[in-house]
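Notes to accompany the following structure.
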Amino acid sequence: MTDEPPAISARKLTKRFDDEPVVDGIDLTVDQGSVYGFLGPNGAGKTTTMRMLTTLTTATSGDAAILATPVSDRDGVRSHVGYLPEEPPVFDELTGREQLRYFARLRDLPPASTADRIETWLDRFDLTDDADRRLDDYSKGMRQKIGLIQALLHEPEVVFLDEPTSGLDPRAARTVIDAIDDLTDNGQTVFLSTHILSVVEELADAVGVLYDGRIVAEGAPDELTAAAEAGADSTLEDVFLSVTTEPSTTAAVPDSNEAGTAGDPDAAATER
Amino acid sequence: MSVSWARTRTVGRTELRRRWRTLRDNPSQLLGIALMVLFLLPAVGVLVGGAYFAGSALTGEVSTPIRFARQVAVGIWLATAVFGGIRGYTSLLDPDNRDGLLTTISHGQLLAGLFAAEATVLGAPTVVVLALAAIAFAVGSGSLIAAPVVFIAATLLAATGFATGVGVALLVKNGGVRSRLLYRLRTVVFVAGFLAYFAVLFSNSTADVLGPLIGVLTPTPIGWVGEAALLAAGVAASPLRAAGGLVVVAGGLVVGAPLLTRLAGWLWYADGLETTKSTATPTDATAGRVLSLLPQPIAGVVAVDWTRARRAPISLSYAIYPVFILVTPIMETVQTGRVAGSSPVLVAFCGAWITGALFTLNVVGNEGAVLPATVLSPDPARALIGGHLAAGALLGLPATTLAVAALGVAGPQSLASVATLTVGTVVMVGCAGPIATGIGAAFPRHEAVSVSRSRKAIIPSTFAFVIYSLLVSIVALPVLLTHTGLITHLVADILGVSSIVFGGVGIGITAVLGVAFGLFSFLYARRTVDGYRME
C-alpha cells in the first residue's frame, strides 16, 4: 500500500437523465499504472461514466477524482487525462500531421520535442506515408490511430480509451494493444472500455462490468473467471454473459461494500 | 487553464484553415459567397457615401442631428446584434469535435478561438468598411478628429452588438437543450420566424416593426454613442452622454466576455435532451389506409420516405426554393384581402415543382448506406422508383389540386378557367415526379453534404435540381401561359377561341411534353436502378 492517490476514484457516482439513472451510484478505485477494463453491454452507461470522469458531463450526485483532483476542477483534470472517444475527435479538413500538431499546440507542448514525438508515433502506427493526406481520405482504422496518438501525445497520467481497437485490422489492433501495454510500463493508467474481451483479458489488471448503470462484477480477470459458476474453465466471456443477462444475477453475489480494488492483486474478486 | 493568446490564435487559425478547405471543396458554396460579396459592394458604397453626406449635412442646417445620430448608432448595434444572433445560432456555437477540444482546452479558450476566427473573417472586412465610412464622415464634416472618433464608436457598437447577438443565441440554445418543449417547438418557431421575416420584408413594414425597437434604444447609452460623432464633427451635443455611451458600450464588452464564457460552458457541458424516440408506426391512420392500397414494397418505400422527411426535414431543402415564387401573390392577397389573380397558376406550378423535388430527385443516392441491401432486393426499380414517385405524388397531388381549385374559386377566374387549370395541375404534378427520377439517377449524390455549417444531409445534387427545374418549367409553360389572364383575353380577342379551348390546348401540350420527358426519364431511372453495380 502506498500513499499515492488512486488514478481514478469514484464514490456513489450517479448520472440521471429525466430521473432515469444511467449510471447508478458506482464506486471505482483504479490504481496508478494499471489497466482497468470497463465492460458492459451497449447502453449500460460506460460512455456516460467516461464522460463524467473526463469532465465532459457533470454527475447528478456522487464524487469522482483523477489523481485526487476532483472532476469539478476541469482544468486540473484536463491536465492529467487523455481521452479517445468512440468516434475519434479529428477534423476531416486537416491532414493527420496537422491534426496532431494542432492538439500539441493547444496543449502547449514544446514544438521541437513534439515534432519528434509525432513522427515516432506516426512511424509506430505505420502512418508516416499518409501523414500529409487529409483525414477525410483516411480509413476508419487510420482515423482511430490518429485519435489515439492525439490522446497520448502529451503523455497523460490517465488515459481513457473508448473502443480503441474498433475498426482496426488485426495487425493495427495488435499495434494499439502493444502501445496500451507500454503505457503502464511508463506508469500511466489506462481506463479501457471495449467489447473485445480478449483485449481485456490480455491487458487488464482489473475489470469492472457495468450493467444497467451499476457495477455488477469487479476484480482481476483471473479471479472473476475463477469465481464464475462455470468453474475453472470459464472465460471472461462466461463471466460477462452470466452477470449481464438477468438482473437477478446480482442476488447471488456478495455485498457491494466488499468491492475489490482495481489493480490490487490482493483484492478479492467481487460481484455486484 | 487560462485563456492564452497563443492558443486563441491556434484555434482561430485552424478554424479558418478548415473553413477555407471546406469552401474550396464546394465550388457552389464558394460561388455563393463570391456573389454575396459582389452584392454587398454597392451596399458598402451606399454606406460610405451616406457617411459623407451625413458629415456634409452637419455643416449646414439640420433640424434634429442628435436624434438622427442616435438612430444611426442604434441601427449599427441592432444590425450586428441580429447578425451575431444568426451566426451564433447557426454555426459559431456548434464547434466540431467538441469532446476532443474540451478535454484539451477550456471552454473559454475554445470560445475565444472561435471568436478570433469570426473576427478575422467577418470583423476585419467590417472594420475596413467602418474605417472608410468614418473617413468619409470626417471629410464630409470637415473635421479630421471625427474619423478616429466615429471609427472607434462604430467599431465598439458593432462588437457589442455582435456579442449581444451571440449571447442571445446562447440563451436560446441553452433553453433548447434544457426544455423539451422548446426543443420540440424549434422547427415551428423557425418556420414562423422565417415567414414573419418575409412578411415584414415584402409588406414594406420594416420601419413599422423596427421603429418601436429603435425608439426604445435611442435614449439609452447605445444611442448616446451617436452623439460622440456629432461632438467630433463640431456639432453641439452632450459630452457627458457621449462619453457615458462609449464607456457603457466598452464596459459591456468587458462584462459580457465572462458572461458569454459562462453561457457557452453551460451549453457545451449540457447533457442535452434525451428525446423520446417515437415507437409508433411511421404513418398515421389515414396514411396507413392509403399505403395499404399500394403493393407492399412500394408502400414500404413511401413510409420510409415520409418518416425520414419528418425526422430530417432538412433533406427536403430543395422543396423550399419554389416557395419563394409564392411570396409576392401571398403578400398581395394579405394586403388586399382578395386572392391575387396569379395565385392559382403559381400555386399549380410550385406544387408540381415541389412534388418532383421532394423524393424523386435522388432515387439512388438517397438510399445512402442502405443502397447495397436495396439493389439486392427483388425488383428494386419497381419498389424504389415506384415508392419515391408515390411518396411525392400522394402528398403533392391532392394538396396542390385542392389548393389550386380553392384559390381559383375564391379568386377572380371564371369557373371554366378554374376547371381547366385544375386538370392542368393534375397533369403537371403527375409528370413532375417521373421527370425528376431519371435526372436524379443520372446525377446522383450519395454522400451527405453540409446543408448548413453544422448540419449534414443527403440531398439531391445541385445540378440535378437545376436541370429538373428547367425541364419542369418547360413542361408547365403551356398550362401556365394558357391560364394567364392577359394572354387568355388577348388570344380570345384575336382568334376568337374560348378560354376553355385555349386552356385545353395548353393542357394538351403540357401533357405531351410531360409524358415524353417523364417516360424517357422514368425508363432511364429504371434501367439505372436495375443495372446498378456498387463500384
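Listed values, structure above:
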quantity	calculated
Test for A:L135: is it open to solvent by less than 40 Å² (accessible area, probe 1.4 Å), farther than 29 Å from B:S2 by Cα and within 13 Å of chain B (Cβ to nearest Cβ)	yes
Conditions (1) without any contact (Cβ under 8 Å) to a residue 40 or more places away in the chain; (2) more than 28 Å from A:G33 (Cβ to Cβ); (3) open to solvent by less than 40 Å² (accessible area, probe 1.4 Å): number failed by A:M142	(1)
Residue tally, condition in a loop (DSSP other than H, G, I, E, B) and either at pLDDT 90 or above or closer than 22 Å to B:E447 by Cβ (or both), over the stretch B:341-376	6
Any hit, the stretch A:9-20, residues being within 28 Å of A:L153 (Cα to Cα), open to solvent by 10 Å² or more (accessible area, probe 1.4 Å) and in contact (Cβ under 8 Å) with a residue 12 or more places away in the chain	yes
B:A373 surrounded by fewer than 21 Cβ atoms within 10 Å (Cβ to Cβ) and touching a strand residue (DSSP E or B) at 6+ places or on another chain (Cβ under 7 Å)	no
Total residues in the stretch A:44-55, condition part of a helix (DSSP H, G or I) and either among the small types (G, A, S) or within 11 Å of chain B (Cβ to nearest Cβ) (or both)	6
Residue among A:L224, A:L183, A:L192, A:L203 that is at pLDDT 90 or above, open to solvent by less than 30 Å² (accessible area, probe 1.4 Å), more than 12 Å from the chain's Cα centre (by Cα) and not acidic (D, E)	A:L183
Count - residues of the stretch A:210-226 that are under 25 Å from A:P156 (Cβ atoms) and touching a residue at least 60 places away in the same chain (Cβ under 8 Å)	3
Among the residues listed as B:T336, B:T286, the single one being at pLDDT below 85 and open to solvent by 80 Å² or more (accessible area, probe 1.4 Å)	B:T286
Failed condition for A:L122, given (1) part of a strand (DSSP E or B); (2) open to solvent by less than 30 Å² (accessible area, probe 1.4 Å); (3) more than 9 Å from chain B (Cβ to nearest Cβ)	(1)
The stretch B:20-51 - residue that is within 11 Å of chain A (Cβ to nearest Cβ) and either crowded, with 16+ Cβ neighbours inside 10 Å or modelled with pLDDT under 90 (or both) and, of those, farthest from B:P460 (Cα to Cα)	B:R21
Test set (1) open to solvent by 50 Å² or more (accessible area, probe 1.4 Å); (2) facing chain B (nearest Cβ under 10 Å) - A:Y102 fails condition number	(1)
Test result for A:T128, away from every other protein chain (no Cβ under 11 Å) and over 23 Å from A:A172 (Cβ atoms)	no
Qualifying residues in the stretch B:86-112 (those that are facing chain A (nearest Cβ under 9 Å) and outside any loop (DSSP other than H, G, I, E, B)) - the one most open to solvent (accessible area, probe 1.4 Å)	B:R98
Lone unmet requirement of (1) in a helix (DSSP H, G or I); (2) free of Cβ contacts under 8 Å to residues at least 40 places away in the same chain for B:V497	(1)
Output for the stretch B:139-156, where each listed residue is without any contact (Cβ under 8 Å) to a residue 24 or more places away in the chain and more than 40 Å from the chain's Cα centre (by Cα)	B:L144
Residue check, A:L109 buried (at least 18 other Cβ atoms within 10 Å of the Cβ), closer than 20 Å to A:K46 by Cβ and aliphatic (A, V, I, L, M)	no
Matching residues in the stretch A:56-99 - criterion: being closer than 18 Å to A:S9 by Cβ, more than 9 Å from chain B (Cβ to nearest Cβ) and touching a residue at least 60 places away in the same chain (Cβ under 8 Å)	A:A65, A:I66, A:L67, A:A68, A:H80
Close pairs from the stretch B:315-328: first at pLDDT below 85, partner among the basic types (K, R) and part of a helix (DSSP H, G or I), Cβ under 9 Å, at least 6 apart	B:S315/B:R308
Positions within the stretch B:1-16 being open to solvent by 50 Å² or more (accessible area, probe 1.4 Å) and at the interface with chain A (Cβ under 7 Å from one of its Cβ atoms), in sequence order	B:M1
Residue within the stretch A:161-168 that is among the β-branched types (V, I, T), over 16 Å from A:V35 (Cα atoms) and modelled with pLDDT under 95 present	no
Count of the stretch A:105-119 residues which are within 14 Å of chain B (Cβ to nearest Cβ) and either among the charged types (D, E, K, R) or under 23 Å from the mean Cα position of the chain (by Cα) (or both)	4
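Results for (1) assigned to a helix (DSSP H, G or I); (2) touching an Asp or Glu at 6+ places or on another chain (Cβ under 8 Å); (3) open to solvent by 50 Å² or more (accessible area, probe 1.4 Å), shown as yes or no for each residue.
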{"site": "B:V188", "(1), (2), (3)": "yes, no, yes"}
{"site": "B:F198", "(1), (2), (3)": "yes, no, no"}
{"site": "B:V225", "(1), (2), (3)": "yes, no, no"}
{"site": "B:G234", "(1), (2), (3)": "no, no, yes"}
{"site": "B:L246", "(1), (2), (3)": "yes, no, no"}
{"site": "B:A250", "(1), (2), (3)": "yes, no, no"}
{"site": "B:L253", "(1), (2), (3)": "yes, no, yes"}
{"site": "B:R262", "(1), (2), (3)": "yes, no, yes"}
{"site": "B:G265", "(1), (2), (3)": "yes, no, no"}
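The values are calculated or read from the model by the stated rules, or taken from the named source; none is laboratory data. Please read these numbers as outputs of a predicted model, since none were measured by experiment. Cβ: placed from backbone, ideal geometry, glycine included. Neighbour counts: every protein chain shown. Areas reflect the complete protein model, heavy atoms only, side chains present, ligands, DNA and RNA absent. Shrake-Rupley method; radii C 1.70, N 1.55, O 1.52, S 1.80 Å.
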